[in-house]
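The values are calculated or read from the model by the stated rules, or taken from the named source; none is laboratory data. Owing to the predicted nature of the structure, the values given are computational and were not obtained by experimental measurement. Glycine gets a Cβ as well: all are built from the backbone with ideal geometry, and neighbour counts include every protein chain shown. Protein only, heavy atoms only, side chains kept; ligands, DNA and RNA dropped before computing areas. Shrake-Rupley method; radii C 1.70, N 1.55, O 1.52, S 1.80 Å.
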Amino acid sequence: MLVAAVKTGFIKAIKTAFMLLKIVLPIYALVVIFRYSPGMALLQDLFSPAMKLFNLPGDAIIPIITGFFTDEYGTIAVLSQLNLTAAQITTVAMIVLVAHSVPVEAAIAQKVGLNFVKFTTLRLVMAILIGLLIGWMGVLLSW
Amino acid sequence: MVEMIQPILKEILFGSIGITFSFLKVLIPLMIMIEILMAYNLVEKLADKLKFLSGALRMEKQSLFPLLIGVVMGLTYGAGTLIEINDKTPIPKKDFVLIGTFLFICHGIIETTLLFGVAGANIWVISLGRLVFAFIITFIAARLPVIARMGKETL
């Protein structure tokens with residue numbers, strides 16, 4: 001039973017990685033191109049004040065928005081292109097882990113009988129709260 | 001023009017392949033762990049041991065199992081188990097809302113801890129921190145009049 005479990009798990013992992021490559025490649029490409037464009041500086045300026053509340057630099061908005069519409073793997077693909085500290089990565093991780101794949105997961109929530117709009121609003125509010133909390137705790141406790 | 005495009009293409013290609021390899025570092029242990037958990041019904045046994053928590057969250061004892069599946073293995077597994085159990089023995093609507101509340105803050109804990117651990121985040125904050133946060137929010141939610149009023153009616 002153990003051998004079978006390990007084998008099935010291994011095959012599933014390889015299959016999932018190939019599936020992910022199809023999503024990650026375009027996201028990665030878009031972000032690389034965006035980083036070389038003037039839009040990057042603009043975005044940074046635009047979001048610096050808001051991101052400062054979370055003790056994050058302006059460009060941290062990119063992995064957050066990516067995670068919102070795709071999933072955690074998309075966020076990682078973007079994070080790997082930015083220069084963030086461990087504490088900042090932790091803050092981004094906590095925000096994205098609460099609010100990711102929002103369209104897909106809201107559909108799942110509806111399927112088990114929860115209200116689509118309420119569920120999504122609650123998630124966003126929680127993501128912001130936890131982001132503020134972890135952002136400031138990261139500075140105070142410097143993890 | 002070509003001199004400009006070439007390094008960008010290289011960065012895209014090597015970058016995304018590199019990332020996919022680091023995903024494998026997460027996916028291989030993750031998928032193997034999930035298969036082992038399922039093969040030996042380990043989550044069910046854990047749910048049995050943690051039954052006392054259902055009181056604190058004001059849930060039925062049977063609701064703890066789908067909740068734990070979602071927390072440990074992920075949202076799709078959790079939702080699947082929830083629907084399956086609900087077909088056999090209906091779960092109260094209140095429990096659905098409470099399980100939803102807990103899971104939207106914290107699900108797929110093995111996967112996300114491995115994934116963001118490899119990316120350089122603090123794994124204690126993103127695993128234990130999220131569990132504690134989800135527990136507190138659900139604990140409060142269970143005591144809100146709006147949810148407490150739902151009683152034991154099923155969907």
Does residue A:93 meet the test of being within 9 Å of chain B (Cβ to nearest Cβ) and part of a helix (DSSP H, G or I)?
yes
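Quick one: is residue A:102 open to solvent by less than 20 Å² (accessible area, probe 1.4 Å) and under 23 Å from residue B:15 (Cβ atoms)? Walk me through it before giving the result.
Numbers: open to solvent by less than 20 Å² (accessible area, probe 1.4 Å): yes; under 23 Å from residue B:15 (Cβ atoms): no.
Here the answer is no, as residue A:102 does not meet what is asked.
Working only within segment A:7-19, note down all residues that are open to solvent by less than 80 Å² (accessible area, probe 1.4 Å) and not basic (Lys, Arg).
In the first step, residues of segment A:7-19 are kept if they are open to solvent by less than 80 Å² (accessible area, probe 1.4 Å); the result is A:8-9, A:12-14, A:16-17.
A:8, A:9, A:13, A:14, A:16, A:17, listed by residue number.
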Scan segment A:57-75 for residues that are outside any helix (DSSP H, G or I) and more than 14 Å from every other protein chain (Cβ to nearest Cβ) and jot them down.
A:57
Looking at (1) more than 14 Å from chain A (Cβ to nearest Cβ); (2) surrounded by 15 or more Cβ atoms within 10 Å (Cβ to Cβ); (3) farther than 22 Å from residue B:154 by Cβ; (4) of a type outside the set (A, V, I, L, M), which is the one condition that is false for residue B:48?
(2)
Members of segment A:20-56 found to be crowded, with 17+ Cβ neighbours inside 10 Å and either within 9 Å of the chain's Cα centre (by Cα) or in a loop (DSSP other than H, G, I, E, B) (or both), listed by number:
A:54, A:55, A:56
Which one of these does residue B:23 not meet: (1) surrounded by fewer than 14 Cβ atoms within 10 Å (Cβ to Cβ); (2) facing chain A (nearest Cβ under 7 Å)?
(1)
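From the list A:107, A:93, which one is without any contact (Cβ under 8 Å) to a residue 24 or more places away in the chain and either in contact with a Gly (Cβ under 6 Å, 6 or more places away or on another chain) or open to solvent by less than 10 Å² (accessible area, probe 1.4 Å) (or both)? Show your work before the answer.
Details: A:107 fails: either in contact with a Gly (Cβ under 6 Å, 6 or more places away or on another chain) or open to solvent by less than 10 Å² (accessible area, probe 1.4 Å) (or both).
Just one listed residue meets the conditions, A:93.
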Output for Cβ contacts, cut-off 6 Å, separation at least six or different chains, first residue at the interface with chain B (Cβ under 7 Å from one of its Cβ atoms) in segment A:1-17, second surrounded by fewer than 16 Cβ atoms within 10 Å (Cβ to Cβ) and of a type in the set (Gly, Ala, Ser), reads A:1/B:39; A:5/B:39
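So, in segment A:123-143, of the ones that are in a helix (DSSP H, G or I) and at the interface with chain B (Cβ under 7 Å from one of its Cβ atoms), which residue ends up nearest to residue B:125 (Cα to Cα)? Step through it out loud before you land on a result.
So in segment A:123-143, the residues in a helix (DSSP H, G or I) come out as A:123-141.
Still in the list and also at the interface with chain B (Cβ under 7 Å from one of its Cβ atoms): A:123, A:126, A:130, A:134.
Numbers: A:123: 19, A:126: 16, A:130: 11, A:134: 8 Å.
My answer is A:134.
Between B:136, B:69, B:147, which is out of contact with any Pro (no Cβ under 9 Å at 6 or more places or on another chain), without any contact (Cβ under 8 Å) to a residue 12 or more places away in the chain and more than 9 Å from chain A (Cβ to nearest Cβ)? Steps first, answer last, please.
Details: B:69 fails: without any contact (Cβ under 8 Å) to a residue 12 or more places away in the chain; B:147 fails: without any contact (Cβ under 8 Å) to a residue 12 or more places away in the chain.
None of the other options fit; the residue is B:136.
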Report yes if residue A:109 is in a helix (DSSP H, G or I), at the interface with another protein chain (Cβ under 7 Å from one of its Cβ atoms), more than 15 Å from the chain's Cα centre (by Cα) and small (Gly, Ala, Ser), otherwise no.
yes
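Within segment A:48-69, identify whether any single residue is farther than 29 Å from residue B:122 by Cβ and either without any contact (Cβ under 8 Å) to a residue 24 or more places away in the chain or touching a Gly at 6+ places or on another chain (Cβ under 6 Å) (or both), and answer yes or no. Before the answer, list the steps.
Filtering segment A:48-69 for residues farther than 29 Å from residue B:122 by Cβ gives none.
No.
Considering only segment B:57-80, I want to know if a residue exists there that is touching a strand residue (DSSP E or B) at 6+ places or on another chain (Cβ under 9 Å) and surrounded by fewer than 19 Cβ atoms within 10 Å (Cβ to Cβ). Step through it out loud before you land on a result.
Taking segment B:57-80 as the starting set, the residues that turn out to be touching a strand residue (DSSP E or B) at 6+ places or on another chain (Cβ under 9 Å) are B:59-60, B:63.
This time we only want the ones that are surrounded by fewer than 19 Cβ atoms within 10 Å (Cβ to Cβ), so: B:60.
Taking every residue of segment B:57-80 in turn, at least one turns out to be touching a strand residue (DSSP E or B) at 6+ places or on another chain (Cβ under 9 Å) and surrounded by fewer than 19 Cβ atoms within 10 Å (Cβ to Cβ).
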In segment B:26-45, what residues are hydrophobic (A, V, I, L, M, F, W, C) and either more than 8 Å from chain A (Cβ to nearest Cβ) or at positive phi (or both)?
B:26, B:37, B:42, B:43
